[in-house]
Amino acid sequence: MPGKEPMKLRVSDLANRDLRAAFDFYERQQAGLGGYFMACLLADLDALPDHPGIHSVVGGNWHRAWAKRFPCAIYYKITGAEITVNAVIDCRRDPAWIRRRLLEGR
């Protein structure tokens, strides 16, 4: 939309920690896979400001965007003109663990 300020994207320290842990996990599986994972997830993150808020809302006020190439979900909140990514979680985790992890990023 012309004249409309773009949404700002912020990735929290907790979400950066999630990304690093996933990178390490995939890199242990196969050399270079961690880099591919990171490139794919960064592309998914970069796309969030293009269509903020279109993803389903879970847990009350978290938007959940599914990663395109890996079994991960990106959890974010919208506050004003800012999107804050609070978690990037492997969807194969125990749902109770995911809920606890999301509480960390409140």
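Read-outs: derived from the displayed coordinates by stated rules, not from any lab. This one's a predicted model, so the numbers in the text were calculated from it and none came from an experiment. We place every Cβ from the backbone using ideal geometry, glycine too, and count neighbours over all the protein chains shown.
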Of all residues making up the range 1-49, the number that are within 15 Å of Arg64 (Cα to Cα) and over 12 Å from the mean Cα position of the chain (by Cα) | 1
Can you tell me which of Ala87, Ala73 is touching a residue at least 60 places away in the same chain (Cβ under 8 Å), surrounded by 17 or more Cβ atoms within 10 Å (Cβ to Cβ), assigned to a strand (DSSP E or B) and small (Gly, Ala, Ser)?
-> Ala87
With the checklist (1) outside any strand (DSSP E or B); (2) buried (at least 18 other Cβ atoms within 10 Å of the Cβ); (3) touching a residue at least 40 places away in the same chain (Cβ under 8 Å) in hand, flag the one item Pro49 doesn't pass.
-> (2)
Could you tell me whether any residue of the range 17-25 is in contact with a Gly (Cβ under 9 Å, 6 or more places away or on another chain), farther than 16 Å from Ala73 by Cβ and in a helix (DSSP H, G or I)?
-> yes
Ser56 passes all but one of (1) touching a residue at least 40 places away in the same chain (Cβ under 8 Å); (2) of a type in the set (Ser, Thr, Tyr); (3) surrounded by fewer than 12 Cβ atoms within 10 Å (Cβ to Cβ); which number fails?
-> (1)
